[in-house]
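Q: Here it is: the structure, laid out below.
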Amino acid sequence: MKIVQEQFAKFDGKIVTAYTMINSRGMEVTTIDYGCIITKILVPDRDGTFENVVLGFDTLEEYQKYSPYFGAIVGRHAGRIANAEFELDGINYHLAKNNNGNHLHGGLVGFDKVIWDTEVIEEQESMSLVFHYLSKDGEEGYPGNLKMKVTYTLNNQNELQLTYEGISDKKTVVNVTNHSYLNLSGNLKRDTLNHTLTLKSDQFLELDEELIPTGKILAVENSAFDFRSGRRIFDGTVSNDPQNVLAGKGYDHPFLLNVNNNKEIHLFDEESGRGLIIETDQPAVVLYAGTQLEENFSIRGVKSKKYLGLCLETQGLPDSLNHRQFPSAILEKDEVYQSITTYKFTNQ
Ligand code: G6D
């Protein structure tokens, strides 16, 4: 196992550093300390060919100009918050309105757009990058000085563990996830429409026209949202279900997970033989099928387009602050926030 460090860019008078973790099987994970962005994950296909399986760039300028959160940590609060406001203990908090008058993914300068302090930890059978950031009281409108720690750990079983921890000196809200866009075909050879997704989920959240949860929880039965026995992403693009249509002919929905840490999310690409099992302690996963990917840029030579990558964002429920029947994203003063998600890559 080894970690290679190199200068990636300069930003705001600081150096942005890229860290590449390489395990004993040859899997590589490259991350930059700007936004804890995962820029590349190299894993083998069934023939042992190592190729990249995430959407990412090789320059900071491209991230700043084109990236819809490629590979980034998003927070303080991932997902949308209606009208960019919420109330805590009688105080109304007003956040940045960065998405159709609502708040999305932590605002104008969220966790994805700051440089995190980084430490490298190398152990016998694993290596970790530990990122630290202090989100100051009032940053993007959120209350409390929130000390955040994000840890990416790669082991020799081709497993990448993502751990998010936080503690605040005031009651606040936290709902953090990683926003990697996955494409198991390898170096974006194909889009994700023939990827098969299996989800242990009986229910998903209904969204309104602005992709805000209405508060209604829908059953997946007899719909293109039923991934319990495995389903191609393609099905959502040809479904006339109003929920698939409003998501841009696809998916952009939170799914409630029936179980945790028990192979609850499985993505598979038949043609390459690459698979990804995601396990989490979080109550939900947002399946975003990349329906809003613009076509005005290229990604390492491949023209961006709808469905080129999909996101499986394990997290709490979006807009839970305005739907108190949802699991809460509220973090009490001095309470420890912790969320752990593991990506297990396979090839068969
Ligand atoms: C779009 O609605 C989607 C979000 O779910 C996604 O996170 C974002 O693009 C990048 O706004």
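FYI, it's all coordinate maths here, none of it is from the lab. This is a predicted model, so every value here is computed, not measured. Counting neighbours? That spans all protein chains shown, and the Cβs are built from the backbone with ideal geometry, glycine included.
Q: Scan segment 121-130 and tell me whether some residue there is surrounded by 21 or more Cβ atoms within 10 Å (Cβ to Cβ) and of a type outside the set (A, V, I, L, M). First the steps, then the outcome.
A: Start the filter on segment 121-130 by keeping residues that are surrounded by 21 or more Cβ atoms within 10 Å (Cβ to Cβ), which leaves 127, 129.
Narrowing the set further to residues that are of a type outside the set (A, V, I, L, M) leaves none.
Among the residues of segment 121-130, not one is surrounded by 21 or more Cβ atoms within 10 Å (Cβ to Cβ) and of a type outside the set (A, V, I, L, M), which makes the answer no.
Q: Same structure, new question: Being on the phi > 0 side of the Ramachandran plot and in contact with a strand residue (DSSP E or B) (Cβ under 9 Å, 6 or more places away or on another chain): is that true of GLY166 here? Steps first, please.
A: Details: on the phi > 0 side of the Ramachandran plot: no; in contact with a strand residue (DSSP E or B) (Cβ under 9 Å, 6 or more places away or on another chain): yes.
It is false that GLY166 is on the phi > 0 side of the Ramachandran plot and in contact with a strand residue (DSSP E or B) (Cβ under 9 Å, 6 or more places away or on another chain).
Q: Need pairs with beta-carbon distance below 9 Å; first residue under 9 Å from THR198 (Cα atoms) and within segment 223-241, second aromatic (Phe, Trp, Tyr); sequence gap 6+ or separate chains.
A: PHE227/PHE255; GLY230/PHE268; ARG231/PHE225
Q: Test of understanding: among ASN145, ASN155, ASN83, ASN102, which residue is surrounded by 14 or more Cβ atoms within 10 Å (Cβ to Cβ) and closer than 21 Å to GLU313 by Cα? Let's see the steps before the verdict.
A: Working: ASN145 fails: closer than 21 Å to GLU313 by Cα; ASN155 fails: closer than 21 Å to GLU313 by Cα; ASN83 fails: closer than 21 Å to GLU313 by Cα.
So the residue among ASN145, ASN155, ASN83, ASN102 that is surrounded by 14 or more Cβ atoms within 10 Å (Cβ to Cβ) and closer than 21 Å to GLU313 by Cα is ASN102.
Q: May I pose another question? Looking at HIS132, is it more than 28 Å from SER304 (Cβ to Cβ), of a type outside the set (A, V, I, L, M, F, W, C) and touching an Asp or Glu at 6+ places or on another chain (Cβ under 9 Å)?
A: Values: more than 28 Å from SER304 (Cβ to Cβ): yes; of a type outside the set (A, V, I, L, M, F, W, C): yes; touching an Asp or Glu at 6+ places or on another chain (Cβ under 9 Å): yes.
Spelling it out, HIS132 is indeed more than 28 Å from SER304 (Cβ to Cβ), of a type outside the set (A, V, I, L, M, F, W, C) and touching an Asp or Glu at 6+ places or on another chain (Cβ under 9 Å).
Q: In segment 164-188, which residues are away from the ligand (no atom under 16 Å from the Cβ) and either without any contact (Cβ under 8 Å) to a residue 12 or more places away in the chain or crowded, with 24+ Cβ neighbours inside 10 Å (or both)? Walk me through how you get there before you give the answer.
A: If we filter segment 164-188 for residues that are away from the ligand (no atom under 16 Å from the Cβ), which is where we start, we get 164-174, 184-188.
Matches in segment 164-188: TYR164, SER168, THR172, VAL173, VAL174, LEU184, LEU188.
Q: OK, next. Restrict the check to segment 140-152 and report whether at least one residue is at positive phi and acidic (Asp, Glu).
A: The answer is yes, given that some residue of segment 140-152 is at positive phi and acidic (Asp, Glu).
Q: So ASN322 passes all but one of these: (1) more than 16 Å from the ligand (Cβ to nearest atom); (2) closer than 30 Å to GLU271 by Cβ; (3) not hydrophobic (A, V, I, L, M, F, W, C). Which condition number does it fail?
A: Condition (2) is where ASN322 drops out.
Q: Let me ask something else. Given (1) in contact (Cβ under 8 Å) with a residue 40 or more places away in the chain; (2) touching a Lys or Arg at 6+ places or on another chain (Cβ under 9 Å); (3) buried (at least 19 other Cβ atoms within 10 Å of the Cβ); (4) more than 25 Å from SER67 (Cα to Cα), where does HIS195 come up short, assuming only one miss?
A: Of the numbered conditions (1) in contact (Cβ under 8 Å) with a residue 40 or more places away in the chain; (2) touching a Lys or Arg at 6+ places or on another chain (Cβ under 9 Å); (3) buried (at least 19 other Cβ atoms within 10 Å of the Cβ); (4) more than 25 Å from SER67 (Cα to Cα), the odd one out for HIS195 is (4).
Q: Say whether the condition of being in a loop (DSSP other than H, G, I, E, B), β-branched (Val, Ile, Thr) and closer than 19 Å to ALA72 by Cα is met by at least one residue in segment 165-174.
A: Applying the first criterion (in a loop (DSSP other than H, G, I, E, B)) to segment 165-174 yields 169-171, 174.
Next cut, β-branched (Val, Ile, Thr) only: 174.
Retained after the next criterion (residues that are closer than 19 Å to ALA72 by Cα): 174.
Within segment 165-174, one or more residues are in a loop (DSSP other than H, G, I, E, B), β-branched (Val, Ile, Thr) and closer than 19 Å to ALA72 by Cα.
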